[in-house]
Amino acid sequence: MANELYQKQIIKLARESRKRARIDTPDTTIRFDNPLCGDRIDIDFSIDGGRISDIGFKVRGCALCEASSEILARTAVGHEMQELNAIGNNLSDYLSGSLGSPDWEEFEVFEPVKNVQPRHECVLLPFNAIKKLLKKLVA
């Protein structure tokens, strides 16, 4: 099963994510922990005109968390937080099988994860962090 989940594309994305750094002076930061497996992400956002202008992060987690975070970082700039939340919901639906393809084509790399429900949370880690941040901002 590990060979199915950790394909070359996922490992490549995970390695790329390790090259990313946190932002020195972010507008907002969020930490999210997955208590079931110990994965953690700290995400920093710079926001300009309501849209993300820069993103930085540090992941302590498996290759699936790292790969998902890398795709988020590559694609998040120019989006609003609410849009990213909707993308996360879309990704969750894709992983659960209730959606044929994800909004972001890059997420198709997680096709093998669809059959391993406990690993969905690994892929969704950065998006669960965004959900937490949005709840914090509204409160």
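Some points to look at:
- Count - residues of the range 46-82 that are among the small types (G, A, S), at pLDDT 95 or above, surrounded by fewer than 18 Cβ atoms within 10 Å (Cβ to Cβ) and not in a strand (DSSP E or B): 1
- Close pairs from the range 106-118: first touching a residue at least 24 places away in the same chain (Cβ under 8 Å), partner basic (K, R) and not in a loop (DSSP other than H, G, I, E, B), Cβ under 7 Å, at least 6 apart: V113/R119
- Within the range 4-26, tally of residues that are touching a strand residue (DSSP E or B) at 6+ places or on another chain (Cβ under 6 Å) and loosely packed, with under 12 Cβ neighbours inside 10 Å: 1
- The residue of the range 116-139 that is farthest from I52 (Cα to Cα), among those that are in contact with a Gly (Cβ under 9 Å, 6 or more places away or on another chain) and of a type outside the set (A, V, I, L, M), is C122.
- Enumeration of residues in the range 119-139 that are more than 12 Å from T29 (Cα to Cα) and modelled with pLDDT under 90: K135, V138, A139
- Of the residues making up the range 110-139, those that are closer than 28 Å to I47 by Cα, β-branched (V, I, T) and buried (at least 17 other Cβ atoms within 10 Å of the Cβ) are V123, I130.
- Scan of the range 27-44 for residues that are buried (at least 17 other Cβ atoms within 10 Å of the Cβ) and either in a loop (DSSP other than H, G, I, E, B) or of a type in the set (A, V, I, L, M, F, W, C) (or both), ordered by number: I30, F32, I41, I43
- For G88: the one exception among (1) within 24 Å of L134 (Cα to Cα); (2) exposed (fewer than 13 other Cβ atoms within 10 Å of the Cβ): (2)
- Top-ranked residue in the range 34-45 [being at negative phi and not hydrophobic (A, V, I, L, M, F, W, C); ranked as modelled with the lowest pLDDT]: P35
The values are calculated or read from the model by the stated rules, or taken from the named source; none is laboratory data. As the structure is a computational prediction, the values presented were derived from the model and not from experiment. Reconstructed Cβ throughout: ideal geometry from the backbone, glycine too, with neighbour counts over all protein chains shown.
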